[in-house]
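Just so it is clear, none of the values below were taken in a lab; they were calculated from the coordinates. Nothing here was measured: the structure is a model prediction, and the numbers come from that model. Glycine gets a Cβ as well: all are built from the backbone with ideal geometry, and neighbour counts include every protein chain shown.
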Amino acid sequence: MKHLLLVEDETAIADAVAYALRAEGYEVRHCLDGRAALEAVDSGRFDLAILDVGLPDINGFALCGELRRGTPLPVIFLTAQAAESERVLGFDLGADDYIAKPFSLRELVARVRVVLRRGVPDTAMPGSKRTGAFEHDVEGRRIRYHGLVLDLTRYEYGLLAALLARPGAVLSRMQLMERVWGDALDSGDRTVDTHVKTVRGKLRAVAPEVDPLRTHRGIGYSLDLD
Ligand code: CA
């Protein structure tokens, strides 16, 4: 069962679209605005989003960027104006397709089918483990945060991977030293703290408003996802 997110403030259009898609066997969650859509992706997983460009609270293109912060998501835009600039902007944002109103339901259903079949090979890291806003490609030793691959040194990677393995658990400096620097000869007392600081800086560069790396004074560190 494929789960579709439909964000459209015109209920007549939304009802018709949702009806047509449900008739094809898709699960459809309808939201009237961007805020509701962001809440929906926080609580559920979707295979595709169909976004009206003219929403009451946020432009559909901006909403697309927000929806994709945590997870790769194919998007089809619906727009009232087929203006070339909108079209280009939509595709710059990685739109998977684009449909100008008025459109036939049959056409929309066909486009949905094509985009779902295509999947998201270019944005998803195969075999990676997702934890909150993090995606950990263990084999490739890469960690993605809010969709961006972090540029980490060997020990920064080890540190973040150790914390990601047990979200919310507090790991002491000693535990982290053993797990990450077990084979290093010249690591000093401040090694863990120094690396936490640089990792934190790299996370903040991606998402300045949150700090998932929590310091527990005198105890150690944890990675908190909420
Ligand atoms: Ca609209």
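A few notes on this one:
- Rounded to the nearest 500, the 222 nm mean residue ellipticity of the chain from helices alone is -12500 deg cm²/dmol, with -39,500 (n - 2.57) taken per DSSP H run of at least 4 residues.
- Considering only alpha-carbon pairs that sit under 8 angstrom and 6 or more positions apart, the relative contact order computed for region 146-226 is 42 percent.
- 3J(HN,Hα) along region 199-212, derived from phi through the Karplus expression 6.51 cos²θ - 1.76 cosθ + 1.60 where θ = phi - 60°, amounts to 5, 4, x, 6, 5, 5, 5, 8, 9, x, 7, 10, 9, x Hz, with x in place of Gly and Pro.
- Model label sites at Arg69 and Glu139, defined 7 Å from Cα along the beta-carbon direction, differ in position by 3.1 nm.
- Sparse-neighbour loop sites [GluC sites (Glu not before Pro); region 137-226; at most 15 other C-beta within 10 Å; DSSP]: Glu139, Glu209
- The chain: most fluctuating residue of His216, His195, His146 per GNM, C-alpha cutoff 10 Å: His216
- When the chain is treated as a GNM with alpha-carbon contacts under 10 Å, the residue of Leu176, Leu63, Leu78 showing the greatest mean-square fluctuation is Leu176.
- Taking every alpha-carbon pair under 8 Å whose residues sit at least 6 apart, the chain reaches a relative contact order of 13 percent.
- For the chain, the longest site-free run once trypsin sites (Lys or Arg not before Pro) in DSSP loop states with at most 13 other Cβ atoms within 10 Å are removed: 46-140
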